[in-house]
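Report on the following structure.
The values are calculated or read from the model by the stated rules, or taken from the named source; none is laboratory data. None of the values given here were measured: they were computed from a predicted structure. Neighbour counts run over all protein chains shown; Cβ positions are idealised from the backbone, glycine included.
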Amino acid sequence: MSLLREIRFTLNGVARQVSVPVTMTALAMLRDVLHLTGTKYGCGEGECGACTILVDGRSVNSCVMFAVDCDGRQVTTIEGIAADAQWQPLRESLVEHGGVQCGFCTPGMVVQASHVLSRDPHADRQAIKRGLEGNLCRCTGYKKIVDAVVAVADAGGKVAP
Amino acid sequence: MSPVTVARQSLIGRRIPKLDAPEKASGQTRYIQDIDLPGQLHAKILRSSRLHARILSIDTAKAAALPGVHCVITAADVPEQRPIGVNKDQLPLKTDRVRSYRDEIAAVAAESPEIAEAALGLIEVTYEDLPPLVDPRLSKQPGAPILHDRAADNVAMTFTYQNGDVAEGEAESDFVVEDEFSLHYVTHCCMGVSGVIAEFEPSGNLTLYSNTQVPFLHKREFAELLGIDPGRIRIIQPPIGGGFGSKLDIYPFEPICIFLAKKTGRPVKLVFSREEEFLASPTRQPVILRLRSGARKDGTLTFRTVRTLHDNGAYTSWGATTPFVMMQTFSSLYRVPHCDYFTEAVYTNNPYAGSFRGYGNLQATFAVEQHMDKLAALVGMDPLDFRLKNAQEPGEVTPQGMHFKSCGFKDCLTIAARRSDYADKRRQYEAERRQPGTVKRGIGIASMLHVGGGAKIYPSDGCGTILKLDDFAHVTLITGASEIGQGSETVLAQLVCEELGVPLDAVTVVNNDTDITPWDVGVHASRTTFIAGNSAIGAARKAREKILLAAAKVTNLAAEQLDLRQGAIVRSEDGQLLMPLAKMLRSLHFSDKAELVITSHYYEPPSQHQDKEFKGDVSAAYAWATQVVELEVDTATGIVRLDKVTAAHDVGRVLNRLGIEGQIEGGIVMGQGYALTEDLLVEEGVCRNPNFRDYKLVTAPEIPEMDISFVETQDGEGPQGAKGVGEAPAICMAAAVANAIENATGVRITSLPFTPERVYRALRAIED
């Protein structure tokens, strides 16, 4: 067993304190220690985006981040986005536009799309495509995912808090 | 007070979001990776580090002694194991010989995946190398290493199909073309990696949490493998992170996980890493294909001669059987009086191919549709006109015995061509080739034929349904059909709503547990909407009849005068509300012999098993499509950029517009990857790029504009007139891209994929 370290961070708005091996990835901590399984393992090397989370407002592939590096930070996962009313239009738009098929990439897409829209609530189609470039989807051909995010951007990104 | 009237509402053809999309969009869906059972152990597999070798010894003592390890097994520990696969030519755990780098030698069950992985590193294997065989062209050469005793010539499978007399056809030809086409390895890249959980109950019954696309067939296969009664195996299918055909066969990891569960008496979970997914899951069938085709001066096709060599790899999975589908395209996409087809799949030490969306048809269409362009040029016809002259029409029975009862092929051709302005643009781009500038534009057309009404490959092509009505007018649809993300659960619910006049949220679909669901042959061959849809409609119509008969008694009207609309029983002629459906069902529920559980099945669709010559009407309906691709080729770099795809699909009838668009868009982009970016590099039997950094999937910024039209031919046998569509959209893309590159540059490339390097070399005639 590798060396354990205790870390404190804010996870989806709630202060957490966990003890994790120093070799553990943030993805493994979320899934195996904290049992938040919405964040997915797709490749383990930061190439597919299925494990996208937000760390201090930046989007990160949690499979290539050490769990211990969450110490002192604000971490948001799909579970946080799902419970956040301001992102309800985004989630509904994904559903209504048919941007979900097998759904395995969807949590990462939703987190990444929320990040793109946070940065630019009026992002245009091209900017949205670029923003989702790091998230692979094998089912939809991306069009309906992009359409869904564009529709939310056209509507002003997110509802007023 | 005037009576309340209720209008008939139909969900057919509307844009219906997938029923499971909200939970998927909030991360709540639990895939196999997300399921953990109490007491569960984690398994890992040790794979061969040699391409082709005799196993001299395996020492597992150190691994077994590692704290946290519960069990280490090799072939010696599971004498009961039996061969698996299409040819039954491999054991899950290899005994004395390995034939590819992915070969399974030993497996560990441990407290954690990390401990299991560490244990693998402690297993010591000694090998004696054997001469490798990695070029299928050499498999039948004298002196080639023999990979399986049962196949002394290294031939795993052959297919022969003939109609007419190609010599006669050639004699009648004014123009003959011949080319060799080379189709590469690609793989499914499901976003959810493969996994399985096996658990034995104290009774000895096995529960398997599996991503399989064919649960009922696998029940039987696992039973044979374990030597137990199939009735003692329950397969639960959690939501699947992508299928595309990859889960149609049993692969060694599944029996290995079962053996470990049996040995340890604990639930055992085995999940691949992405690297393992690339190395140890099936590929699309690589093919070397020689096609010779002819036509008369008037533009009539005369013959086709096809010789293909399939690299079977070390063992045989479904890839070897793709000729079933390939020969249909050669014999029957167009009217060809003479056809001679022969395929040989030969063993090598390479990876082996499975089934993959399109099932050989991408490869066949790539060749046929390039020859259609070449012959059109020789005849001096526009490629569209040449295709229209030879295209199949409704009512045709082809020499292979396929009967096209509904056929919108010519409409697909004309609509896709018109909407893309194909004819004018083709001439314009050809004329512009010699103008200055390195960026050339091109447009290309290709069409396809695929089964759209099931495929009678197995003894049955059926699907069962159980439909349960509760006393609140809620409907539970229990179907044998598997949901793999394609949206079958939503379409099936829509079809039930159509018959019973209930809202969509009144229907629950149960489709994932073999102890509950009725039999189905599995999700493959674009069959689910057609077969499971007809089955669901059958059950719903029985329920409807029962309800209307009961309502007739209460209302003193004839059943024929009644209708079910919006959760109510109404008078058909004016829609007058007679009573809520729930009230009727409640009264039925508490009466004698209510029998509100209704069963139905769709055994069999009106299709035929093919005879030994592969002749017969194998599907109850056939799907057609034309896709036109517009692109740019940068002749300085060889980079091809896809701008627009105009697709016209004969889908019979659109049931869920949102779902069918999603299938077509996803298929187009998968086809784009096959044509342009995806390339599983297998060198000397070694996969060189088992990761998403080096295996390039298409990303969001690279997708083309997509213009999709539907040709609704209202198939007489289809559910509400619909035909299957799942595989169709991926099939034409590579062929259309090849034709567009030729239009842009004047250079025809017959090998895939069209990477910048290959295009650049071809443009400079230094193709390797």
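Couple of notes before you dig in:
- Those strands (runs of 3 or more DSSP E) lying entirely in region B:243-318 with at least 1 residues of a type in the set (Val, Ile, Thr) and in contact with a Lys or Arg (Cβ under 7 Å, 6 or more places away or on another chain): B:301-313
- Where residue B:208 falls short, out of the listed (1) closer than 30 Å to residue B:307 by Cα; (2) buried (at least 22 other Cβ atoms within 10 Å of the Cβ): (1)
- Top-ranked residue of region B:214-273 - restricted to ones that are small (Gly, Ala, Ser) and surrounded by fewer than 23 Cβ atoms within 10 Å (Cβ to Cβ), ranked as farthest from the other protein chains (Cβ to nearest Cβ): B:227
- Filter pass, residue B:13 being away from chain A (no Cβ under 14 Å), more than 30 Å from residue B:115 (Cα to Cα), under 29 Å from the mean Cα position of the chain (by Cα) and buried (at least 21 other Cβ atoms within 10 Å of the Cβ): no
For (1) farther than 30 Å from residue A:23 by Cα; (2) in contact with a Lys or Arg (Cβ under 7 Å, 6 or more places away or on another chain), each residue gets a yes or a no:
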position: A:52; (1), (2): no, no
position: A:95; (1), (2): yes, no
position: A:108; (1), (2): no, yes
position: A:140; (1), (2): yes, no
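- Within region B:477-507, the residues that satisfy the criterion of being assigned to a strand (DSSP E or B) and under 27 Å from residue B:571 (Cα atoms) are B:477, B:507.
- Flag if residue B:231 is outside any helix (DSSP H, G or I) and of a type in the set (Gly, Ala, Ser): no
- Residue that is modelled with the lowest pLDDT [pool: residues in region B:462-487 that are surrounded by 24 or more Cβ atoms within 10 Å (Cβ to Cβ) and of a type in the set (Ser, Thr, Tyr)]: B:482
- Hits in region B:671-709 - residues which are assigned to a helix (DSSP H, G or I), facing chain A (nearest Cβ under 10 Å) and in contact (Cβ under 8 Å) with a residue 60 or more places away in the chain: B:671, B:672, B:673, B:702
- Against the list (1) more than 10 Å from chain B (Cβ to nearest Cβ); (2) touching a Lys or Arg at 6+ places or on another chain (Cβ under 7 Å), the condition residue A:115 fails is (2).
- Among the residues making up region A:28-53, those that are surrounded by fewer than 23 Cβ atoms within 10 Å (Cβ to Cβ) and more than 11 Å from chain B (Cβ to nearest Cβ) are A:33, A:34.
- Some residue of region B:612-626 being touching a residue at least 40 places away in the same chain (Cβ under 8 Å) and within 14 Å of chain A (Cβ to nearest Cβ): no
- Conditions (1) closer than 23 Å to residue B:318 by Cβ; (2) at pLDDT below 95; (3) among the charged types (D, E, K, R); number of the one not met by residue B:104: (2)
- Residue A:102 falls short on exactly one of the conditions (1) modelled with pLDDT under 95; (2) crowded, with 20+ Cβ neighbours inside 10 Å, and that condition is (1).
- Test: residue in region A:35-54 that is more than 30 Å from residue B:694 (Cα to Cα), outside the structural domain of residue A:111 (by TED's automatic domain parsing), at pLDDT 95 or above and more than 14 Å from the chain's Cα centre (by Cα): yes
- Where a residue in region A:114-126 is in contact (Cβ under 8 Å) with a residue 60 or more places away in the chain and its partner, wherever it lies, is assigned to a loop (DSSP other than H, G, I, E, B) and crowded, with 20+ Cβ neighbours inside 10 Å, with Cβ under 9 Å and at least six apart: A:118/A:157
- Elements of type strands (runs of 3 or more DSSP E) contained in region B:546-644, each with 2 or more residues being of a type in the set (Ser, Thr, Tyr) and crowded, with 16+ Cβ neighbours inside 10 Å: B:622-634
- Screening the candidates B:20, B:89, B:59 for the property of being surrounded by fewer than 21 Cβ atoms within 10 Å (Cβ to Cβ) and either of a type outside the set (Ser, Thr, Tyr) or in contact (Cβ under 8 Å) with a residue 24 or more places away in the chain (or both) yields one hit, B:59.
- Residue-level check: of (1) at positive phi; (2) in contact with a helix residue (DSSP H, G or I) (Cβ under 8 Å, 6 or more places away or on another chain); (3) not aromatic (Phe, Trp, Tyr), residue B:227 misses just (2).
- Just one of the listed residues (A:107, A:89, A:121) is more than 7 Å from chain B (Cβ to nearest Cβ) and farther than 22 Å from residue B:15 by Cβ, namely A:121.
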